[in-house]
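Reviewing the structure listed below.
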Amino acid sequence: MNPEKKYIQPLLIASAISWVGWTVVMLKLDPYESTGLALALFFLSLLIALTCTFSILGFYLRKWITANEANISYINTSIRQGLLLSLCTLICLSFLMLGVLTWWNGLLVVAVIVLLEFYITSKNY
């Protein structure tokens, strides 16, 4: 079975469901009434939605750049990098909500995520 069909199709379905869930959270929950629940569901649904979306985009970008057939290592790398990119986005969004996001805080978060990716990549080789 083609790895693209085996792994990317479930990611597409999970991405669609999680974006619908995030939209429902945005429209139906009032953050002033149920602060803890609303924020937890907001960040959880956004984490899943961004991870799936970034993973799919990363996979197809990697496949387009190399002009090769779909490879299982592309999928693993794309999911890992999609998760790291979405964590970076959510950390910066959290800082923005707290009112402490500055350009150097955002740059520091990006640097930590890049160093973490370098560490994980170096462990794989």
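Just so it is clear, none of the values below were taken in a lab; they were calculated from the coordinates. Just so it is clear, the structure is predicted and the values come from calculations on it, not from any experiment. Counting neighbours? That spans all protein chains shown, and the Cβs are built from the backbone with ideal geometry, glycine included.
Table for the structure above
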read-out: Check on F59, closer than 26 Å to N105 by Cα, of a type outside the set (K, R) and in a helix (DSSP H, G or I); value: no
read-out: Qualifying position, being of a type in the set (V, I, T), under 22 Å from L46 (Cα atoms) and in contact with a Lys or Arg (Cβ under 8 Å, 6 or more places away or on another chain), among T77, T89; value: T77
read-out: Qualifying residues in region 25-60 (those that are loosely packed, with under 15 Cβ neighbours inside 10 Å and of a type in the set (G, A, S)) - the one nearest to the chain's Cα centre (by Cα); value: A40
read-out: Hey, I65 hydrophobic (A, V, I, L, M, F, W, C) and either touching a residue at least 24 places away in the same chain (Cβ under 8 Å) or in contact with a His (Cβ under 6 Å, 6 or more places away or on another chain) (or both) or not; value: no
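Residues are listed down the side, and each one gets a yes or a no for (1) in contact with a Leu (Cβ under 8 Å, 6 or more places away or on another chain); (2) of a type outside the set (G, A, S); (3) free of Cβ contacts under 8 Å to residues at least 40 places away in the same chain:
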{"site": "S15", "(1), (2), (3)": "no, no, no"}
{"site": "P31", "(1), (2), (3)": "yes, yes, yes"}
{"site": "S34", "(1), (2), (3)": "no, no, yes"}
{"site": "R80", "(1), (2), (3)": "no, yes, no"}
